[in-house]
1. Right, S680: more than 21 Å from the chain's Cα centre (by Cα), more than 26 Å from P652 (Cα to Cα) and in the same structural domain as V290 (by TED's automatic domain parsing) or not?
2. Does L230 satisfy the condition of being without any contact (Cβ under 8 Å) to a residue 40 or more places away in the chain, surrounded by fewer than 24 Cβ atoms within 10 Å (Cβ to Cβ) and hydrophobic (A, V, I, L, M, F, W, C)?
3. For the range 313-358, give me the residue count where each residue is in contact with a Lys or Arg (Cβ under 7 Å, 6 or more places away or on another chain) and either at positive phi or among the aliphatic types (A, V, I, L, M) (or both).
4. Yes or no: A96 under 30 Å from T136 (Cα atoms), of a type in the set (A, V, I, L, M) and in a loop (DSSP other than H, G, I, E, B)?
5. Which one is surrounded by the most Cβ atoms within 10 Å (Cβ to Cβ) among residues in the range 271-298 that are small (G, A, S), modelled with pLDDT of 95 or more and within 24 Å of T350 (Cβ to Cβ)?
6. For the range 99-134, what are the residues that are in a strand (DSSP E or B), of a type outside the set (D, E, K, R) and under 20 Å from Y677 (Cβ atoms)?
7. Quick check: is even one residue across the range 68-88 of a type in the set (G, A, S), farther than 29 Å from T355 by Cα and in contact with a strand residue (DSSP E or B) (Cβ under 9 Å, 6 or more places away or on another chain)?
8. How many of the residues in the range 642-698 are touching a Leu at 6+ places or on another chain (Cβ under 9 Å) and among the acidic types (D, E)?
Amino acid sequence: MVEVQGSILGNAVLRREDPSLLMGSDKYYDDMDVPGVGYLHFVRSPFAHARIDSIDTSEAESMAGVAAVYTSDTLELPDFQGFEMLDPAFNRPMLAKGKVRFVGDIVAAVVADTREIAADAVEAVVVDYDPLPAVTDMEAAMADGAPVLFEDHGSNICFATALGAEEGDPDPLDGADKVAEVRMVSQRLAGVPMEPNGCIAIPEGDSLEVWVPSQNPVAIKDAYVGLLGLDPDKVRVAAPTVGGGFGPKAGPYTEHFLTIRIAQTLGRPVKWTEERSENMVSLGHGRAMVMSAKLGVKDDGTIVGIDADVSADAGAYPGIGSILPMLTQMMIQGVYNVPTIRFQARSAATNTTTTVAYRGAGRPEATQLIERVMDVAADELGMDPAELRRKNYLQPGAFPLTTKSGANYDSGEYEKALDAVLEAADYQSLLAEQAERRTSGAAKQLGIGLSSYVEVTAPIGLHVEYGAVEINDDGTATAKVGTSAHGQGHLTAFSMIVSDMLGIPMENVKLLQSDTADIPRGAGTMGSRSLQTAGSAVHVASETVLAKGKKLAAHLLEASEDDIVTGDNGLQVAGVPTSAMSWAELAAAANDDSKRPEGMEPGLSHELDFDGSDSTYPFGSHLSVVEVDTETGQVQMLRHVAVDDCGKILNPLLVTGQQHGGIAQGAAQALYEIVQYDDSGNPITSNLMDYAIPSAAELASFETSNTETPSPRNPLGAKGIGESGTIGSTPAIHNAVVDAVSHLGVRHIDMPLSAQTVWSAIQTAS
């Protein structure tokens, strides 16, 4: 046996997941062949706000192949509470009762033997609506006299939070020589995962099996069990391969509860598959905030305080999206030394799709706001935006640090990331080229945009996660985690940790996840939490298994535990490769009472709930270079340079993939994507012809690199990377576009920065 040298961690290792994904051998929930399945389709409201006068299901019920048609009168279900801290008055009826509150609200459910029959039967259900005034603008929804969605609550305001806004609190602008102001929109976005939502419920006697394309199948079992009154020991919830999530697939959906209850009622398997147009109105949306800020600065650029105000759109049935301003509040200080903060936010119910936690969830909005107002301040002061940021950074010696807004920063070297991105971009050359274009009066002007960000990963109590490692009889290893991969590369990452610790080849490490039949508990994958929580759990479990294996090997090889080292797929005495035992031999010995040392429990396994004690705070700086055609308003990305710090890097290849995906999503918000409604609440961007998503052809080739500032809050030193690219890129691109036309008198343009929007801003300024 050869002694294992070095560590695999920190090296670029190809993803184990990719071959089966690329060859199409992986199965998604919609690929499952379930005998006797009934197909579920929903009758959805075409009105944003209306009373339901009557529902006639007789024609649909008489159609051949239709198993059942349900309304709120014929299917008894509890209402669904979107978030426990909200007024129950905002709870959503599973099937609309009395009135509908957004286009897409579910009025009736049809189950049939085929998808085609179910779709036809939906068209045969006749609903008599009495339209009501609708409100789709969050600020209008909070105004006096606005149409009220939930009369029992009395207003549309569903949540509020504030910091430093009490009488007697210091004025954050006191002592400022200049005050920079910005009002901006972080527009509503659709998640649009490659695989839409869905659910399969399979009843078998008093047992139930549920398959969902979820980011969080283990934890959402509790929601199904609790709301529907199920026996948890009789319910299995699992996700097969999942085609993306980005946050909107993190929680349970009304459609899931309906699928389960209808399957139980009929005593047959039932399947709901969301169609793309349905996905655009029923899967939760993201962002949807109107934000303003006043930043007080001294003439030398020193920040004295910030006064911020946020209005958030919760959608028709407020849930987690309504409380996300808390995260915006928490991160409003950003990477800067801000002595005084005032922050106020309110969330309102509107006649639109419910908002949820979408990639970054409240943190991108904080960065968007402070990074835009920093650029406005730089312009007011006549100061280079990079130097204004540098002057106000929190310094490494300040960490750990609890900010004025309550974030508990673990570690950071913000200036190091800025220096790295400026050097990589050759910032001074870019400034020279920009000056030359401006002097020449060229039609195509160069814009240079910066952003520096810090974000929180494993937020709001998500720093605890289940993990386990076991050596199998054949010497392979099985790892279990409570997180749930949907594209991130968990199989690769977690098998690297096991392989590095135990010397077992990565291909001999099996990962179990996403299935309550295997995993007793878990909080799922969201908030860029997986490596620092589940990865750390796997690390600690592997470490414990190794210690037990060393104790056993030392006993059997008659050596000191201190002399036992990891070899190729086993353990050996250091320097004596012939004195060794394979993991298969050790596993057999661990289950043999005659071979274990006294006091050792059988087996080579360990499980735990790893607690990182708190969140981690990755950071970075992004620089965007764009070209704006001042005659047409057309924006072209030329370069995007990103330096992101996610603590200690396990696999650079996985990190780069997350950076690229995140930047693309951030660029999409800055330049392309927006969910829009007309004055009556009708969605006008509810398909992919009208909702613009960029392809690779519209994006620059991203230039990514990293600094490494380990977190002290987990043994891997890891911080999250899944959302960093999105958080850093959007304000950098936004700032770059405004910068390109700032010499023409343009001070701000709201996203998305389409050709029409940019052109209009130029015309107005001139």
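1. Here the answer is yes, as S680 does meet what is asked.
2. So L230 passes the test.
3. 5
4. yes
5. Step by step, filter the range 271-298, then rank; the result is G286.
6. Here is the first cut: in the range 99-134, the ones in a strand (DSSP E or B) are 99-100, 106-112, 126-131.
Still in the running and of a type outside the set (D, E, K, R): 100, 106-112, 126-127, 129, 131.
Passing the criteria: V100, I106, V107, Y129, P131.
7. Narrowing the range 68-88 to residues of a type in the set (G, A, S): 68, 72, 82.
Imposing the further condition that a residue be farther than 29 Å from T355 by Cα reduces the set to 68.
Within this subset, residues satisfying the condition of being in contact with a strand residue (DSSP E or B) (Cβ under 9 Å, 6 or more places away or on another chain) are 68.
Yes, the range 68-88 contains at least one residue that is of a type in the set (G, A, S), farther than 29 Å from T355 by Cα and in contact with a strand residue (DSSP E or B) (Cβ under 9 Å, 6 or more places away or on another chain).
8. Going through the range 642-698 one residue at a time, the tally reaches 2.
The values are calculated or read from the model by the stated rules, or taken from the named source; none is laboratory data. Nothing here was measured: the structure is a model prediction, and the numbers come from that model. So basically every Cβ, Gly included, is an ideal-geometry build from the backbone, and we count neighbours across all protein chains shown.
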